[in-house]
Each structure stands twice: as structure tokens, then as C-alpha cells.
1. Taking the residues in region 115-135 that are surrounded by fewer than 14 Cβ atoms within 10 Å (Cβ to Cβ) and not hydrophobic (A, V, I, L, M, F, W, C) as candidates, determine which candidate is farthest from GLU68 (Cα to Cα).
2. Given the conditions (1) closer than 25 Å to PRO42 by Cβ; (2) touching a strand residue (DSSP E or B) at 6+ places or on another chain (Cβ under 7 Å); (3) of a type in the set (A, V, I, L, M, F, W, C), report the number of the one that MET170 does not fulfil.
3. Which of the residues spanning region 59-110 are in contact with a Ser or Thr (Cβ under 6 Å, 6 or more places away or on another chain) and modelled with pLDDT under 95?
4. I need the full set of residues from region 67-77 which are buried (at least 19 other Cβ atoms within 10 Å of the Cβ) and not β-branched (Val, Ile, Thr), in order please.
5. With the condition kept exactly as written, say whether any residue in region 51-63 is under 15 Å from the mean Cα position of the chain (by Cα) and assigned to a loop (DSSP other than H, G, I, E, B).
6. Among the listed residues LEU180, LEU175, LEU167, LEU157, identify the single one that is touching an Asp or Glu at 6+ places or on another chain (Cβ under 6 Å), at pLDDT 95 or above and within 22 Å of THR103 (Cα to Cα).
Amino acid sequence: MFLKGILSLMVLFLFCQQGEKKTEKKEVKKEEMKMEIKITSPAFEHEGMIPVKYTCDGDDISPPLKWEGVPENAKGIAIICDDPDAPMGTWVHWVLYDLPADTRELPENIPANDVLENGAKQGKNSWGRIGYGGPCPPGGTHRYFFKIYAIDKTLDLDPGATKEELLKAMEGHILAKGELMGKYKR
């Protein structure tokens, strides 16, 4: 009888621990789940080829972008474009932040100014320049990810921030995100 009681308590204890683990997993998953922003470009399809016009072989201007699904409580928007297929590690093509939260599109050819007319700031790309630098792979087909983030605060960053500085400043403040991938081949 005594042994039966101890076994029952052990089973109950193990059951309770598993319940706690499930609750922990649910909380982690809930925190990891972010709303999704749908980002598109009238210039190219997701996973499609980026036109030469937006690359170093063409006019080297930023492509037009549109998005939807930004949460109402967002205070700003940030965009990062990078190429994970670069031979020396991920190459950053564009860092843009503090876009007004009600912005839903960017026209092509955003000027390479530190601060744009709408108050948005641009950071440094991997060439060490402010603004957009288009796809320019040394060879082969590369993927270019245009990542968009809705942020719950205005970032405390001066113009010229790097991708790493932007990601650190956004940590814990991302409400929603989305991604558009285009390819370019030389």
C-alpha cells in the first residue's frame, strides 16, 4: 500500500512536470510568433529574377516595394536587403529605418541621403556607403532578401548605422516582419 502511494505520487509529479514543460513551450512559441507583413515589388516576383535596372550592371537604383499587414501599434518600419550567397559572408545592400509606421510603399530610386524627406534614416551597406547598392555578384546566381520589420518604438540610431547595429536596436521590439527574395545572375 505504501509502495503504491509512493508510485502514485511519482506518476503525479512526472505528469505535473510535463505539463509545466508544455506550458513553457507554448509561451516560447507564442513569443516567437510574430505577425507577418506581406512585402512585394511590382518589379519582380518573390523568388523571381531582379531586373538589371536595379543592379550594378544597370542603373543601380532601389526597386519599388509595397507591403501590407503592419500592426496598428507600430511606431516605425525598417528594411534590410542582404545577400547570404556572397563568397565572404552575407553582403548587406541596404539598411533603412525609422520609416513612418503608416508608410506602405517605397518608389524606386530612393536617394542615397542620410535622412529622407519623410524622416527615415539610411544606414551603411557593405560597401561602406549610405543607401542602396544593387546586386553585383562576382558570378553565378545569388539570392537577395528584402526584409521588412514593424517596430514598436522609434529607434535611437543616428543615420549611418550598420545592419548589426540596427538588429541590436530592434531586439525585443519587432511586432511583425516579412521577406521578399529576388535573384540575380551574372
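The values are calculated or read from the model by the stated rules, or taken from the named source; none is laboratory data. Predicted model only: the values in this text are computed from it and were never measured. Every residue, glycine among them, receives a Cβ derived from its backbone with ideal geometry; neighbour counts consider all protein chains shown.
1. Among them, the one singled out is GLY128.
2. Every listed condition holds for MET170 apart from (1).
3. The answer is none; no residue qualifies.
4. Answer for region 67-77, where residues must be buried (at least 19 other Cβ atoms within 10 Å of the Cβ) and not β-branched (Val, Ile, Thr): TRP67, ALA74, GLY76.
5. Within region 51-63 (the criterion being under 15 Å from the mean Cα position of the chain (by Cα) and assigned to a loop (DSSP other than H, G, I, E, B)), the answer is no, since none of the residues qualifies.
6. After applying the criteria, what remains is LEU175.
Yes/no matrix, rows are residues, columns are (1) under 16 Å from GLY131 (Cα atoms); (2) assigned by TED's automatic domain parsing to the domain that holds ALA120; (3) loosely packed, with under 15 Cβ neighbours inside 10 Å:
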{"residue": "PRO42", "(1), (2), (3)": "no, yes, yes"}
{"residue": "ILE50", "(1), (2), (3)": "no, yes, no"}
{"residue": "THR55", "(1), (2), (3)": "yes, yes, no"}
{"residue": "LEU65", "(1), (2), (3)": "yes, yes, no"}
{"residue": "ILE79", "(1), (2), (3)": "yes, yes, no"}
{"residue": "PRO87", "(1), (2), (3)": "no, yes, yes"}
{"residue": "TRP94", "(1), (2), (3)": "yes, yes, no"}
{"residue": "ASP102", "(1), (2), (3)": "no, yes, yes"}
